[in-house]
Amino acid sequence: MKYGRVDDTDGIDFGIPADDTGTGRILANASGGGFTAFVGCAKWGRNDLKGFYPRGTKDELTYYSQQFNSIEMNSLFYNMPKADQVVKWKNRTPDGFRFFPKINQVISHTRRLENVEDLTTAYCDAIAHFEEKLGCCFLQLHENFGPKRYDKLKAFIASFPEVIPLAVEVRGREWFSDKAVWNDYCNFLEGRKISNVIVDTAGRRDMLHMRLTTPNAFIRFVGCNVDEIDLKRIDGWVDRIEKWYGKGLRQLNFFVHQNVEVSSPLLSAYLIKKLNQRLNLGLHVPQTAGGQILFS
């Protein structure tokens, strides 16, 4: 994920801002039902996660799903899913595993949500075959999709199948700079029970808006490939997640990206271990290709 990438991290404030006031209200009104956490990477390909898989591994997804309980599927952004392939992916993963697929770029970027009814139906019909292993799909909008196209977004969301959980990531700077627009947008998502994606990336700190619209946090973390900085950033997220957990957070969906993806499993494993310690979760801590626990 190269969006928000910077060549020099000097001078960047990587601290996590205070919560939006709406976040406290959302968590205070969250109903009971326990807490679940899904942490993973954006991809499972061997070339992206070089060194993560034991030598001779032929089925990367099966191994990956034995180490992590979820995957953010960026691949479907580039390729429309097919039902038979979705079923194969589902059957290669254990009980409890969750897929979080990205909506295809033809819908979100090429057509800008216009005349996409048939494509959206085909997309949803395919990912519905994940069945109980479908976590939440997410719509990522182009940076030039601003509030002037708000009606298109509202119409898309209004027609989106309610049985499929949805999260939305806006990128246009105008969404964040105009407080009235931002509050109206967040209230709209809240009314539709749609999660507001939070993006933590070096070059776009405005996307770290800290506004939850459901009790389910969907966080996309983009490392800067400087371990000292990235691990400290993860520590900050553990503190905030613990705070949200205490206030009523129902679900955490946290996915780690890197410009060089090889370290994504390491950061994800570090987060898992810290969450286990702080929240007593008992999540499986992934292992290296050599069978050693990461960050043991």
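The values are calculated or read from the model by the stated rules, or taken from the named source; none is laboratory data. Because the structure is predicted, anything quoted here is derived from the model rather than measured. So basically every Cβ, Gly included, is an ideal-geometry build from the backbone, and we count neighbours across all protein chains shown. When the accessible area is computed, the model is the full protein with side chains, heavy atoms only, and any ligands, DNA or RNA have been set aside. Shrake-Rupley method; radii C 1.70, N 1.55, O 1.52, S 1.80 Å.
Points to keep in mind about this one:
- Over all other residues within a Cβ to Cβ distance under 13 Å of ILE107, the charged ones net out to +1, with Lys and Arg as +1 and Asp and Glu as -1.
- Positive contributions from Lys and Arg (+1) and negative ones from Asp and Glu (-1), summed over other residues with Cβ under 12 Å from the Cβ of SER195, come out at +3.
- Helical mean residue ellipticity (222 nm; -39500 (n - 2.57) per DSSP H run of 4+; nearest 500) of the chain: -10500 deg cm²/dmol
- Restricting the range 148-243 to trypsin sites (Lys or Arg not before Pro) in coil, as DSSP defines it, with at most 14 other Cβ within 10 Å: LYS193
- Per residue, in Å², the accessible surface of the range 21-100 once ligands and nucleic acids are set aside, probe 1.4 Å: 50
- Backbone amide hydrogens, once placed in the peptide plane, bring LEU134 within less than 5 Å of PHE99, excluding anything fewer than 5 places away on its chain.
- DSSP bridge pairs, the chain: antiparallel proportion in percent, nearest 5: 5
- Proximal lysines to LYS193, defined as alpha-carbon separation beneath 23 angstrom and excluding residues fewer than eight positions away on the same chain: LYS102, LYS133, LYS148, LYS152, LYS154, LYS179, LYS243, LYS247
- Most fluctuating residue given options PHE188, PHE218, PHE100, as computed from a GNM of the chain linking Cα atoms under 10 Å: PHE188
- Carbon-plus-sulfur accessible fraction, the chain (probe radius 1.4 Å, protein heavy atoms only): 47%.
- Counting Lys and Arg as +1 and Asp and Glu as -1 over every other residue whose Cβ lies under 15 Å from the Cβ of GLY282, the net charge comes to +3.
- Mean projection area, nm², convex hull over Cα of the chain: 14.8
- Peptides 255-267, 47-59, 104-116 ranked from most to least packed, by the mean per-residue count of other Cβ atoms within 10 Å: 255-267, 104-116, 47-59.
- When the chain is treated as a Gaussian network with alpha carbon springs shorter than 10 Å, the biggest mean-square fluctuation among TYR150, TYR64, TYR185 belongs to TYR150.
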